[in-house]
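What follows is a short report on a single structure.
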Amino acid sequence: MPRSILIAASLAALVLGVAGGAVAQSPSGLSTIVVSPQALPEPDGRPRLFLGGSIAGGDAPDWQAALIEALSDTDVVILNPRRADWNPAWRPEADEPEFRRQVEWELAALEASDVIVMYFAPGTQSPISLLELGLHARSGKMIVLCPDGFWRKGNVDITAEVYGVTQVQDMDALIAEVRRALAPAA
């Protein structure tokens, strides 16, 4: 089978939730949290939120956990690329199976999302998050938090301005804006 068909089939399996894997519920039971590389569940009418942004190989603060906790009372499917089992020994090359699995999961999750959060943590570089911002800046589904101290804050600010990406100034404003954006998607 040609490689392009295999890739398309893999992405489709992720989007449709055909590949195995369990999902977690928030303590309130409302939010469903899907962490890479778990299969993306089939659409069920609830909005999907992708948590993109700084991870830095686990060195960035776990801002995703804070956002998940803040939204635990919200009926939403949260797609979190930050995985506890990430192995820094995996080569960032297309022929590295787990690396490929991560990248394909993120691409599928971004496409499947109704709202995309991008948080650029101060003191990080986050080149993949910059790539994802570029891929989805025109989508109308992004909310960006890029505080002072991020390596390329100017690039993020200008891109957001040119393409009409919603920007917020702090985590409290991010939470409020995510709640607002999820309301019509529900």
task = Answer yes or no: is there a residue in the range 41-53 that is part of a loop (DSSP other than H, G, I, E, B) and under 19 Å from E177 (Cβ atoms).
result = yes
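For the range 113-127, what are the residues that are over 10 Å from the mean Cα position of the chain (by Cα) and aliphatic (A, V, I, L, M)?
Here is the first cut: in the range 113-127, the ones over 10 Å from the mean Cα position of the chain (by Cα) are 114, 120-127.
Within the range 113-127, A121 is the sole residue that qualifies.
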remark   = Filtering the range 53-73 down to residues that are on the phi < 0 side of the Ramachandran plot, at pLDDT below 95, touching a helix residue (DSSP H, G or I) at 6+ places or on another chain (Cβ under 9 Å) and buried (at least 19 other Cβ atoms within 10 Å of the Cβ) yields S54, I55, W63
Residue in the range 167-186 that is nearest to the chain's Cα centre (by Cα), counting only those that are closer than 15 Å to D114 by Cβ and open to solvent by 50 Å² or more (accessible area, probe 1.4 Å) = R179
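Among the residues of the range 103-160, how many are among the small types (G, A, S), part of a helix (DSSP H, G or I) and open to solvent by 10 Å² or more (accessible area, probe 1.4 Å)? Step through it out loud before you land on a result.
Here is the first cut: in the range 103-160, the residues among the small types (G, A, S) are 108-109, 112-113, 121, 123, 126, 129, 134, 137, 139-140, 149, 154, 160.
Filter once more, so that each one left must be part of a helix (DSSP H, G or I): 108-109, 112, 129, 134, 154, 160.
This time we only want the ones that are open to solvent by 10 Å² or more (accessible area, probe 1.4 Å), so: 112, 134, 154.
Counting residues in the range 103-160 that are among the small types (G, A, S), part of a helix (DSSP H, G or I) and open to solvent by 10 Å² or more (accessible area, probe 1.4 Å) gives 3.
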inquiry  = Among the residues that make up the range 12-32, is at least one of them open to solvent by less than 30 Å² (accessible area, probe 1.4 Å) and modelled with pLDDT of 90 or more?
reply    = yes
task = Answer yes or no as to whether E93 is farther than 18 Å from G149 by Cβ, in contact with a Phe, Trp or Tyr (Cβ under 9 Å, 6 or more places away or on another chain), in a loop (DSSP other than H, G, I, E, B) and open to solvent by 20 Å² or more (accessible area, probe 1.4 Å).
result = yes
message = Which residue is nearest to P61 (Cα to Cα), if the candidates are limited to the range 82-120 and must be touching a strand residue (DSSP E or B) at 6+ places or on another chain (Cβ under 7 Å) and hydrophobic (A, V, I, L, M, F, W, C)?
response = F120
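The values are calculated or read from the model by the stated rules, or taken from the named source; none is laboratory data. Note that the structure is a prediction, hence the values are computed from the model and not measured. Please note: Cβ atoms are built from the backbone with ideal geometry, for glycine as well, and neighbour counts cover all protein chains shown. Surface accessibility is based on the protein's heavy atoms, side chains included, excluding ligands, DNA and RNA. Shrake-Rupley method; radii C 1.70, N 1.55, O 1.52, S 1.80 Å.
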